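**Q** So that we are looking at the same thing, I have put the structure below in structure tokens.
Just so you know, all these numbers are worked out from the coordinates, no wet-lab data involved. Because the structure is a prediction, the values reported are computed rather than measured. With ideal geometry, Cβ positions are generated from the backbone for all residues, glycine too; neighbour counts draw on all protein chains shown.
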Amino acid sequence: MDVAPQQSAPAARILIVDDDPGVREVLSDFLGGHGYAVETAADGRSMDAAVATFAPDLIVLDLMMPGEDGLSICKRLSAEPGSPAVIMLSAMGEETDRIVGLELGADDYLPKPCSPRELLARTKAVLRRRRETPPTDGSTSVIEFDGWTLDLVRRELRSAAGIVVNLSGGEFHLLRVLVERPGRVLTRDQLLDLARGPASEAFDRAIDVQISRLRRKLEDGAGRDPIRTVRGEGYMFAGSVKRR
């Protein structure tokens, strides 16, 4: 009996957006050499054209570029449902720059010059989180809390009125960690490990930034906040959670 050959999964598509041709070439060659389909763009306009035709799974985005800068690009990308993951690169490695990048929806942040190997590791981690599927142990893929619905397959958050609230990749993973552990106090280190992986850079304020963003998105006009700050310890999800 003939056995059909196994079909390998298609290569993840990565778009590198940087105004430095040398950076584009080095990163493109390195990531392409590790099995990714890679395209490059020099600015926001050429990035938009590439997104429309190439449909990247992840964008490696430079912060400082002529014309529209990386922060502005990241902000409008994160506002679009189904947008690709974003790893932001910046020659400005200060903590405040990282906070702003993460606050605007970036999934990860690396200072320049960055090691191509470190970028590869971060790329694998971000794409792995994006591919995560709900457990197959009989548990459901939809979680309800306080009138909200979080679909773990579609990565979609809906209000009680049925309005979809867009979440960045980091926000989705953080909210999932919280709602799957209601009533449990989680330290910032635990949240970093569970939401971003144990290999992630220890950066407590990144968690604080994303908690703040989630709180703003979960405001229901009645003053209820399901995320509690436990002083000196971390955060706890206090909402009423039900799986269906």
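**Q** For the range 146-187, state which GluC sites (Glu not before Pro) are in a DSSP loop and have at most 13 other beta carbons lying within 10 Å of their beta carbon.
**A** Answer by residue number: there is no such site.
**Q** Rank-order 118-126, 21-29, 57-65 by packing density, defined as the average count of other C-beta atoms within 10 Å over each peptide's residues, highest first.
**A** Averaged packing, sorted descending, gives the order 57-65, 118-126, 21-29.
**Q** A further question follows. Amide H to amide H, which residues 5 or more places from Asp146 or on other chains are under 5 Å from it, using H placed in the peptide plane?
**A** Result for Asp146 returns Ser240.
**Q** How much length is gained if the chain between Asp189 and Arg244 is pulled fully straight, taking 0.36 nm per residue apart and subtracting their Cα-Cα distance, in nm to one decimal?
**A** 16.8 nm
**Q** Taking amide H atoms as placed 1.01 Å from N in the peptide plane, list the residues 5 or more away in sequence, or in a different chain, whose amide H sits under 5 Å from that of Ile16.
**A** Correct list: Glu39, Thr40, Ala41, Val60.
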